[in-house]
Amino acid sequence: MRFTGLCIAMLLVGTVHSTAHAQEGTETASVDLQQQEAFTVSGVGLKLAQDAPPPAATEPEEGIVTETPPPAPTAVLPEASETAVPAARPSPYPVTLKEAISEDLIDLSGLRSALDQPVEAQVLRLTLDEAIQLALQNNPDILIAEYDPAKAEAETYAARGEFDPIVSQKLNYSDSTASLDQTVRSFVGILGGVSAVDSRKITSETALAGKLQFGTQYAVQFSMDYEESTFGNYQGEYGGTLGFTLTQPVLRGFGRGVNRIRIRAGENLRKISEARAKLTVLDKMAETIKAYWDLVGATEAARVYEEALRNAERLLKLSEIRRDIGTSADIDVLQAKAGVAMRQSELIQANARIADVGDALKLLLNLKEGDRFSKIRLMPLDRPNPDASAVFDTDSYDQSLDVSVERALAMRPENEMTDLEIANALMEEEKAKNDRLPQLDFIGAYAQGGRDIKMGKTLTGIIEGQDSALTVGVQASVPIGNRAARGAHQRARLNIRQAEERRKQAQMAMMMRVHFAARSVMTSKVLLESTHQTVRLQEANVNAEERRLQIGITTSYQVLRVQEDLTAAQAQELQARIAFEKALVELQLAEGSLLDNFGITYTAGIVESPGSPAVHTAATEKLGS
């Protein structure tokens, strides 16, 4: 700084000396030198004079001593006459001051043309309720989740197949020749010397067997045969039997509850799948609402930046008027123009943000044009209104928090899911306990038969009981040690404990989530009020600073700064409003009350019966619609 001051002093002394003794023809050179010196002193965004080479020393007038500051060497100049014109030094700057602060340095046409480009996409105006309905009907994750209950129902249907009767049919034909042993040959030799027996036989056996839900196993058998043999002189003969067999367990495998465990577990799995599908509906509905508010926030942010652009353009016009009447400098116009360029770029970014969050919402709504992602532009119609919300009373925080926790423990799908998991674990333990019992079955069988060379008389003999047989018995088995069943029982008991601990863990997680969401609502409301007060303060600052500019006691640069502060405060207030709405959504999701608060009731969305195609029905229903 000292070096710069000395250089400026030398330049001023040289200017005075040259002006005092210059001839009339040297006025132009003197004026150029003064402009360069004034440019150096002004320092408006340009390089300081110390970057230029040190000026050469001029011969001082009588009584004036001029020194060059170290470390620059002292130049010894030849003696000049009083009328000599000093040589003009080259300018250290490539442009003049007027060129350096010319408003033409900033071109707004490119940014303006980008803002003025027409949007050719179709516009879909959408309320929040309409967005929710579209998501519930079209969201792929919801559609996928709704197949799980139908799959669980198929498992239950398959479990019922354990009690389906089974029909079996056997049909055999045999043609055999058998040599008789020595004893038989000697006996039949008396009858004619037969040494071998030829036999041809056709056998048909039909059976109907199955199992009842009490564990009873049954079988009905009907058999018919036709035989020709040597002993019958190849005379055909019919024989038939109708029999019925029952096997009844009295220990292991006895009871309707034990034998229907697979069916009961399948029904619980379906309910678990429905609860899981409802959880998916809740999550995707919450994501849709948040995405909708993000789109609202992006749209409102663009309006904030549009207003900021209008303010900057008004400042530019005011600066140009003040420059034209001589109360402002060119640098004020240049700064105002730079502010307009900045606002234009911010508005372009805000418009791009609208497109980005709009695409995110379209993905949740699964909007397509054929098999292509939709190019339609979404326009949200609803706006956040924190004052109208009655979801959570922040004035009675503790009481409202307790109410929200109770709602979560009653309404969240995880509660039903964990209860059903415990129920299935108890049924598994019941089955394992029954498997530890010894096997003890009562068996009873009865059959009637008939035989004749005519089929009709054979069937009559079966009905009349020409031949009959009755069998009654008991069969039992006891595994020694029975470690397999005992190990399975122990595993089932541990599964019950695990399911109970998972329920406790799930409840703690639900309560923690409610606490977190409620705290976020409280914080968002405080920030909303704080940012609102900040906006009011910044609006007053802008108004005051613009009035100061009109009377000439401030600069365009300072007005730009307070306008930037106002834009930032408005953007923060908008973010706080959107954050508050999203915090309320998160709280309702944590409570499990989101569907009820929007008047939506959930039902299973996929209906399919075996042998028929799947039919997708409405997964949700708007109450009153």
Using packing as a proxy for protection, rank 236-243, 441-448, 584-591 so that the peptide with the highest average count of other Cβ atoms within 10 Å comes first.
584-591, 236-243, 441-448
Send over the Kirkwood Rh of the stretch 449-569, from the inverse of the averaged 1/r over different Cα pairs, rounded to one decimal Å.
24.8
Of the listed pairs Lys290/Lys525; Lys284/Lys375; Lys525/Lys582; Lys170/Lys454; Lys504/Lys582, which have alpha-carbon separations greater than 19 Å here?
Lys284/Lys375; Lys170/Lys454; Lys504/Lys582
Pull up the cross-link candidates among the lysines for Lys337, meaning alpha carbon to alpha carbon under 19 Å and not fewer than 8 places away within one chain.
Lys98, Lys317
What is the packing order of peptides 169-178, 493-502, 150-159, taking the mean over residues of other C-beta atoms within 10 Å and listing the highest first?
150-159, 493-502, 169-178
Distance between the stretch 264-317 and the stretch 469-537 - C-alpha centres, whole angstrom
29
Taking the dipole of the stretch 351-401 about the Cα centre (Lys, Arg +1; Asp, Glu -1; charges at Cβ), the one of Ala352, Asn385, Phe373 that reaches farthest to the positive side is Phe373
Order these peptides, 283-289, 304-310, by their mean beta-carbon neighbour count within 10 angstrom, highest first.
283-289, 304-310
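Taken together, the values in this text are just the output of simple stated rules run on the coordinates, not laboratory data. Since the structure is predicted, the reported quantities are computational estimates derived from the model, not experimental observations. Neighbour counts run over all protein chains shown; Cβ positions are idealised from the backbone, glycine included.
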